[in-house]
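Below: one structure, written as structure tokens.
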Amino acid sequence: MIKKPDLQEEMYSQIQGRELFEQVKSYAYAYMDEVYGRNVFPTDEAIKNLDIFDEPFPRATGNPALILRMLHEYGSPATVAQTGGRYFGFVTGSSVPTALAAGWLSDVWDQNAALYVLSPIISQLEATCEKWLVDLLELPAGSVAGFVSGTSTATLCGLAAGRNELLRRQGWDVHLEGLFGAPNLRVILGEQVHATVPKVLALLGLGRGCVEIVPTDKQGRMVAEKMPELDGHCLVIAQAGNVNTGSFDPFDEIGDRAGLVNAWVHIDGAFGLWAAGSRTKKLLTYGIEKADSWSVDAHKTLNAPYDSGIILCGMNYTPEMSRRARVVELWATLKSLGKDGVEELVDRLCDHARRFAENLQAKGFRILNEVVFNQVLVACDTPEQTKATLENIQKSGECWCGGAVWNGEPVIRISVCSWATTVADVERSVVAFVKARNTVDSSKNVETKRT
Ligand SMILES: *Cc1c(COP(=O)(O)O)cnc(C)c1O
């Protein structure tokens, strides 16, 4: 009887044989060849075909080549072409090619980033990126960085640091004594805070009861004069980049007022903090250095691969021990872009947003925000027309945008986040908008004079 090779032997031969990796490399290249031109959202057929993954957990070990083929044949077509140039949904980001390639190598390294002794190279890259980010964003010297999965976790870290420090100053050690019986804190935030912030506050035991909401203006900016009287119990949460309008809070005023009483200021700068890397957009971030902690995503505006968030703070708190060496891709992104590249990227995303706004306005759409950054809010003549147009856009495969409600009105939200977006992509998407709206008009038998 021929002895069946055991699992370990098989795995060794898979590593040595390379076929698996060659196979997946050819799939990856095929994907790259397609993704910039293909339908942005998967077709109905591709989604239907996902049923193949709904199977019971197999008893037998699988055939590697078939597993990879299944993933490519049925998985690749059911991805969203988010790395391409015509995805404008949510606030996402593509991947800078050097970083994508560096990620492949890093995958093979499979390092644990928890400690220096677990991986000297990863510790070095983290130290390098920390220095570069503090330099680029012009944050106070000595600010330290934690490399986490995204801004949700980064904000968790920043607000935890603020909570603990404010309580420490009042003689209360959260680590030792917990929160029960702790002195009260006050949380000050804008009406238009991102949905992840209340979630983080709940996790940190800072319930809705201690939140004081500051009114915002028409663009979603906190009105500094309407902030309540601050004191040393206050955790103030400001925002660089409103997720709908892209607007920025008045950091300078907020920072000055907080500084007088030693309140803690955290800035949620998920996609907007990168404005600091552009000479023409930098004014938007004026005064950010007066804050105490900052959260920012590398996987949005900066176009580092997922998942990559950063907490910058005077103290170092991150929740995980073992974690992915995501800094490899971040380092490769920053090194390949350089300061000039970051600036060019930020400016290009903003220019495309302006182009979208101008071209859509010329076609009779309404633009509801001041386009200060990469976000554009679009509406048709009526709420019903807006919603139906958005549905047609999403089905078209030509581009993809999300919906939101702004000042009580449904809107189509465009977020330009991909390095891959070209002028032609914007123009093609504007054509798709017009066609989507015309389809609504004609299906309702409304006469339309628009072209
Ligand atoms: C995306 C975003 C978040 C959440 O970031 P994740 O990386 O998804 O965790 C928080 N705040 C703002 C303003 C965002 O745009």
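The values are calculated or read from the model by the stated rules, or taken from the named source; none is laboratory data. Please read all numbers here as calculations on a predicted model, not as lab measurements. Ideal geometry is used to build each Cβ from the backbone, glycine not excepted, and the neighbour counts take in all protein chains shown.
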*Filter the range 127-168 for residues that are closer than 17 Å to residue 185 by Cβ and not aliphatic (A, V, I, L, M) and give the result.*
155, 157, 158, 162, 163, 164, 165, 168
*Quick one: in the range 264-291, which of the residues that are under 14 Å from the mean Cα position of the chain (by Cα) and under 17 Å from residue 144 (Cβ atoms) is nearest to the ligand (Cβ to nearest atom)?*
269
*Selection from the range 173-205 of residues that are of a type in the set (A, V, I, L, M, F, W, C), buried (at least 17 other Cβ atoms within 10 Å of the Cβ) and over 21 Å from residue 241 (Cα atoms)*: 174, 185, 204
_Of everything in the range 242-254, what is surrounded by 24 or more Cβ atoms within 10 Å (Cβ to Cβ) and not in a loop (DSSP other than H, G, I, E, B)? Give them in sequence order._
248, 251, 254
*Can you tell me which residue within the range 27-46, out of those that are of a type in the set (Val, Ile, Thr) and within 15 Å of residue 396 (Cα to Cα), is nearest to the chain's Cα centre (by Cα)?*
40
*Can residue 76 be described as in the same structural domain as residue 299 (by TED's automatic domain parsing), at pLDDT 95 or above, at negative phi and part of a helix (DSSP H, G or I)?*
no
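Here is a yes/no grid of residues against (1) under 26 Å from residue 429 (Cβ atoms); (2) within 16 Å of the ligand (Cβ to nearest atom); (3) surrounded by fewer than 18 Cβ atoms within 10 Å (Cβ to Cβ); (4) in contact (Cβ under 8 Å) with a residue 60 or more places away in the chain:
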residue	(1), (2), (3), (4)
33	yes, no, yes, no
37	yes, no, yes, no
40	yes, no, no, yes
55	no, no, yes, no
62	no, no, yes, no
69	no, no, yes, no
84	yes, no, no, yes
89	yes, yes, no, yes
*Can you tell me which residues in the range 294-317 are more than 14 Å from the ligand (Cβ to nearest atom) and in contact with a helix residue (DSSP H, G or I) (Cβ under 7 Å, 6 or more places away or on another chain)?*
312, 313, 315, 317
*Return the residue satisfying two criteria in turn: it lies in the range 134-161 and is assigned to a helix (DSSP H, G or I) and more than 16 Å from the ligand (Cβ to nearest atom), and of such residues it is nearest to residue 178 (Cα to Cα).*
161
*asked:* Which count do you get for residues in the range 105-129 that are part of a helix (DSSP H, G or I) and either in the same structural domain as residue 412 (by TED's automatic domain parsing) or free of Cβ contacts under 8 Å to residues at least 24 places away in the same chain (or both)?
replied: 10
